Every structure is written in C-alpha cells, then in structure tokens.
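Undergrad: Dropping a structure here in structure tokens format, bear with me for questions.
The values are calculated or read from the model by the stated rules, or taken from the named source; none is laboratory data. The structure displayed is predicted, hence computed values, not measured ones. Because the Cβ atoms are built from the backbone with ideal geometry, glycine has one as well, and the counts that use them run over all protein chains shown.
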Amino acid sequence: MQASVVQRIRLVRENNDFSGTVFVKDESNSLVELSFGYANRSEQLSNNTLTRYGIASGCKIFTAVAICQLVESGKLSFDSRIKDCVDFDFPYFDEEVTIHHLLTHTSGKPDYFDEEIMDDFEELWRETPMYHIRKLKDFLPLFQDRPMKFDVGTQFSYNNAGYILLGLIVEAATQHSFTEFVHENIFNKVGMSRSGYFEFDTLPSNTAQGYIDFSDGTWKTNIYSLPAKGGSDGGAFVTVNDMEKFWEALVTHQLLSPSTTQRMLTAHAKVDNGDNFYGYGVWIAKNEKDEIVKYHVMGYDPGVSFHSAYYPRKSIKAVVCSNRSSGAYDMMECIDDEIF
C-alpha cells in the first residue's frame, strides 16, 4: 500500500495545492509521513511531521472521551439531564435533554453556529469579538436564550453548542477547567506531548498558522476568524503522531473500558439516507453489509481542514492536517480509495 498511496497523495497535492501533513500507518506499522507547504508563509517555515495544527471540530472526540471517563467514575450518567448538571439558565430548553442527546447531536437545542443556515463563521464575531472568547461560558450568550429547533431525540442535527454544554458539564463535575481535564486525563495519559488547547496570541513553537486564501491570490491568517482559545466543541491543536497515539489508546482501551469504548463507538444516530452514522463524538461509516468500515473525525474552520480515521478491519490509522480552509477532504478520499 505504501508506494501507491504516496503516489496518489502527491498527485492530490499537485491538484489542490495542499498545505499540511499526511500520516498513514497500517497493521504492519508501515508509515507514510509527508508534509507540504508552509507553517508560516511570511517566514517561509515549512510544515513538518512535528508541526502542531488546529483541528477545529475534530476534537469533539476528546470531549466524548472526557464525558465517558466521568460516567465510568460515577460522576455522571449518559441519562443525566442538563438541568441537573449545570447551574446556568436555559429558559427555552426542553428539560428532558440528556448527555446522550448532546453527544449524538439529537438534543434539538439551538446552536450558536447553525451550519444548516450559516456558512460564514466570521459572522459570529461582528457583535461578540473573538478575543473575548477564552472560556466555555463565554459562548453561552450566543445560544442560551434561543428556542429549541425540534423535539428531543427525533432527529440528527450537528450542533456545536451541544458540545460547549458537555464541556461545561465536565467543569461542573470536576471543578477543573475543561482543557485542564483533557490535558491530564487524555493528552498526558497517552503521551500526546505536543497537543493542547493553545491561545492564538500565545502559540507555542512549530504551530502552523491557519491561512485563508482568496481567488485573487491574496491571503490572510485566521487569527481574527476564530475564538481566541478553543474548547469542548473545537479548536485543539495536535500533531499527526499525537493523533495516531490517541486512536491507538482508544481502540486498545487505554482511555476507557471495553464496554464504554463500545458504547462510544456504537452508531447511535443515522446522519443521512446513506451509510453514515454518529456515535459519541465520532462519525461512523458502514458498508452494504451493515459492517463498520471506518471511524472518523473531521474539522473545518477558516484556515483549518482536518480529517482522521481508524479503519478497524485493517487496523489502519490515517491523519490529515492542513492549515488551509480546504484540502484535507481530498486527501482522505484518496486514502479511502486506496484502503477500500
């Protein structure tokens, strides 16, 4: 697989001017690690395999693991209701919304960025400056007084605010900040030493700037397009090697018990009319025999595109990190084609 996938990756890179790092590791530990483009265009510093990339919503899976760990410790239940977990006021939310509903995007509660009706993430910061968004509670004014979208549990609707609430539940249950909990119980536990929830104005070394490109050839960084610090719905930074460590730890039960891992990786919600499903913080793809062929996460923000997958039938892990607004999807598609 190694030679053929490298050839296809290079071809995709030529066609879409990909900037980032691609990592594939198969069951025999054969590796593909390729980096392209610049982490810093102004200084012409190249991306490399140790570069830290923003992964946007790709880190919802970390939030799901954090919640599952608290369920295992007895501090929460998947059936716990929001109103019993946090003290914030949500006047129009259905009181029957549970942690399970939030994890599976079936709560029906309003979102602060509704991808079904909005397509410009930067619109959010016209009235609420992004540099004020550094804690999870800073997101609450963006959605807590809005009405429900649909009845609880009746359909799937991707929801960022639901994962903000999950992060607030972690904070309430542990009396620690969400990011501290994830660092201690996920990143540190599995050796993800270069990953973190970094603030845009204090980024560590070898962190890729996110770039927004325009049709006339000009560009800008995404520093004014995203919250100053990411949280439970998105915005962590990882390296491709750290993300591979996470998948290995998850599927070998280093983070959760086998039974809780199985629940997290169960197809709880059908996403569309095809073979796409959602578990807890993870997308699930099935084949025509109803067999799971891929667990995957993805993230798209201005200046960020990310895909990562675990293919259980072949124990292959793939990570695609890009510091441009697009490009990761095409890379993952070519990896899919090679594996399937």
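Undergrad: Regarding residue 288, is this residue in a helix (DSSP H, G or I), within 25 Å of residue 316 (Cα to Cα) and among the acidic types (Asp, Glu)?
TA: Values: in a helix (DSSP H, G or I): no; within 25 Å of residue 316 (Cα to Cα): yes; among the acidic types (Asp, Glu): yes.
For residue 288, the condition - in a helix (DSSP H, G or I), within 25 Å of residue 316 (Cα to Cα) and among the acidic types (Asp, Glu) - is not met.
Undergrad: Now a separate question. Pick from region 2-19 the residues that are touching a helix residue (DSSP H, G or I) at 6+ places or on another chain (Cβ under 7 Å) and either surrounded by fewer than 16 Cβ atoms within 10 Å (Cβ to Cβ) or not hydrophobic (A, V, I, L, M, F, W, C) (or both): which of them is nearest to residue 212 (Cα to Cα)?
TA: To start, the set of residues in region 2-19 that are touching a helix residue (DSSP H, G or I) at 6+ places or on another chain (Cβ under 7 Å) comprises 4-5, 8-9, 12, 16, 18.
Of the ones still in play, those that are also either surrounded by fewer than 16 Cβ atoms within 10 Å (Cβ to Cβ) or not hydrophobic (A, V, I, L, M, F, W, C) (or both) are 4, 8, 16.
Working: 4: 31, 8: 25, 16: 14 Å.
The residue in question is 16.
Undergrad: Specify the residue that is farthest from the chain's Cα centre (by Cα); the eligible residues are those in region 50-69 that are outside any helix (DSSP H, G or I) and of a type outside the set (Phe, Trp, Tyr).
TA: Residues of region 50-69 outside any helix (DSSP H, G or I): 50-55.
Within this subset, residues satisfying the condition of being of a type outside the set (Phe, Trp, Tyr) are 50-52, 54-55.
Values: 50: 19, 51: 17, 52: 14, 54: 9, 55: 6 Å.
Ranking the candidates gives 50 first.
Undergrad: Looking at region 188-212, which of the residues that are over 13 Å from residue 52 (Cα atoms) and either modelled with pLDDT of 95 or more or of a type in the set (Lys, Arg) (or both) is surrounded by the fewest Cβ atoms within 10 Å (Cβ to Cβ)?
TA: If we take residues in region 188-212 being over 13 Å from residue 52 (Cα atoms) and either modelled with pLDDT of 95 or more or of a type in the set (Lys, Arg) (or both), then 188 is surrounded by the fewest Cβ atoms within 10 Å (Cβ to Cβ).
Undergrad: Restricting to region 293-340, count the residues that are under 19 Å from residue 14 (Cα atoms), of a type in the set (Asp, Glu) and part of a strand (DSSP E or B).
TA: Residues that pass the stated criteria total 0.
Undergrad: Considering region 278-304 alone, what residues qualify as being among the aliphatic types (A, V, I, L, M) and over 16 Å from the mean Cα position of the chain (by Cα)? Reasoning before the result, please.
TA: Of the residues in region 278-304, the ones among the aliphatic types (A, V, I, L, M) are 282, 284-285, 292-293, 297-298, 304.
Hits for region 278-304 are 285, 292, 293.
Undergrad: Turning to a different aspect of this structure: Restricting attention to region 213-227, and to residues there that are touching an Asp or Glu at 6+ places or on another chain (Cβ under 9 Å) and not charged (D, E, K, R), which single residue is surrounded by the fewest Cβ atoms within 10 Å (Cβ to Cβ)?
TA: Out of the qualifying residues, it is 219.
Undergrad: Within region 1-47, work out how many residues are touching a residue at least 12 places away in the same chain (Cβ under 8 Å), within 20 Å of residue 222 (Cβ to Cβ) and not aliphatic (A, V, I, L, M).
TA: 13
Undergrad: Which ones in region 144-172 are of a type in the set (A, V, I, L, M), more than 21 Å from residue 300 (Cβ to Cβ) and touching a helix residue (DSSP H, G or I) at 6+ places or on another chain (Cβ under 9 Å)?
TA: Passing the criteria: 152, 165, 168, 169, 170, 172.
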